[in-house]
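Encoded as structure tokens, the structure appears first; notes follow it.
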Amino acid sequence: MTILNYSTFFTMIVSFAIWIFAVIEWVNYYKLQLSYSLNPVVLLKYIIQRKLRKSRIANEIDNSFDFEIYGETLEEAHKNFKTKIVDGQKTEFVPDGKPGIPPKNSKFSLVNYPSKLGEMPMYITAKENNGKKYPAIIYLNGGFGGIGDSKFDWDEESPKNNYQGADAFKRDDFVLAIPSVRGENANSGKYEMFYGEIEDLEEARKYVASLPYVDSNRIYLVGHSTGGIKALLLSEYSKGFRAVFAMGALPDFFWATEKTTMIAQKILADTGAKTNIQFTAEDLEKISKNIVK
């Protein structure tokens, strides 16, 4: 009669667990790597790479949310720091040029608000000065360049492939303001990537609050994409907003660009997928319906 010692039994248990783990990984591998040769060497290499990648990404995610709490406000920090903008620096951000003048039948007016760098254009749905006070929404659009070129299009519905979200606020019971900042349109200054622009937007808020038909206690801030980043920063910089809404913002800009690109390239290389993936609005609609189900 053969009696298994503890060492042999433990080895059998570990071996069995490894094989179970390998089968699970093989199933995942087979789903993602149909074009690969399913030999043991490739399988082992894939398992090791997959685990290392998971570990590295998890570590980077943990580190990306490390932060320090400072004793000063963001406004105070701005006053104690000077940017180092390099003159003549090449940039892909092309200003929109002078914004278009809304037609007479539009709800919008084109006005200028004062800032440290001079007057900045702003679209606003002005109201009659009849003594009534309206809540106001300051809307920060996404992208770079400004609030539009010579073709005024804020009365048009936003395209589905680049929905900005301001359509919902074009109402008679709201004042809607859409300001530009330094470096945009034909404005003075340069892009500072969410630094000096925040100071401009605080001046825009003060201008809106000073209007006789605006309830200064009910000014709301809404930002989309890059406008959402500005909204997040303004929520720390200013105390003048009743509430702040950030849509599609990037709270960690480095993580959303540098690290995400690196990880995406690694995944594409591992899976053999193509980088020029294209899809249509109809494809997105189908995906959305499947998610709802």
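The values are calculated or read from the model by the stated rules, or taken from the named source; none is laboratory data. Note that this is a predicted model, so its numbers are computed, not measured. In this analysis, Cβ positions are derived from the backbone assuming ideal geometry, glycine residues included, and neighbour counts consider all displayed protein chains.
Reported count of residues in segment 125-141, each being of a type in the set (Lys, Arg) and surrounded by 14 or more Cβ atoms within 10 Å (Cβ to Cβ), is 2. Say we look at segment 98-124 and pick out the residues that are touching a helix residue (DSSP H, G or I) at 6+ places or on another chain (Cβ under 9 Å) and surrounded by 15 or more Cβ atoms within 10 Å (Cβ to Cβ); which of these is farthest from Val244 (Cα to Cα)? Checked segment 98-124; the qualifying residue farthest from Val244 (Cα to Cα) is Leu117. Checked against the criterion of being among the β-branched types (Val, Ile, Thr) and either touching a helix residue (DSSP H, G or I) at 6+ places or on another chain (Cβ under 7 Å) or modelled with pLDDT of 60 or more (or both), the candidates Val94, Val42 yield just one match: Val94. For segment 186-207, the set of residues classified as in contact with a Ser or Thr (Cβ under 6 Å, 6 or more places away or on another chain) and of a type in the set (Phe, Trp, Tyr) consists of Tyr195 only. The set of residues in segment 181-203 being surrounded by fewer than 23 Cβ atoms within 10 Å (Cβ to Cβ), out of contact with any helix residue (DSSP H, G or I) (no Cβ under 7 Å at 6 or more places or on another chain) and part of a helix (DSSP H, G or I) consists of Gly196, Glu203. When Arg171, Arg182 are checked against the criterion of being in contact (Cβ under 8 Å) with a residue 60 or more places away in the chain and either closer than 23 Å to Ser235 by Cβ or basic (Lys, Arg) (or both), Arg182 stands alone in meeting it. Taking segment 143-155 only, how many residues are touching a helix residue (DSSP H, G or I) at 6+ places or on another chain (Cβ under 9 Å) and either surrounded by fewer than 19 Cβ atoms within 10 Å (Cβ to Cβ) or free of Cβ contacts under 8 Å to residues at least 12 places away in the same chain (or both)? The total comes to 2. The single residue among Gly118, Gly183, Gly145 that is in the same structural domain as Tyr237 (by TED's automatic domain parsing), touching a Phe, Trp or Tyr at 6+ places or on another chain (Cβ under 6 Å) and not polar (S, T, N, Q) turns out to be Gly183.
Within segment 158-170, can one find any residue that is buried (at least 19 other Cβ atoms within 10 Å of the Cβ), at pLDDT 90 or above, in contact with a strand residue (DSSP E or B) (Cβ under 7 Å, 6 or more places away or on another chain) and within 19 Å of Phe241 (Cα to Cα)? No, every residue in segment 158-170 fails to be buried (at least 19 other Cβ atoms within 10 Å of the Cβ), at pLDDT 90 or above, in contact with a strand residue (DSSP E or B) (Cβ under 7 Å, 6 or more places away or on another chain) and within 19 Å of Phe241 (Cα to Cα).
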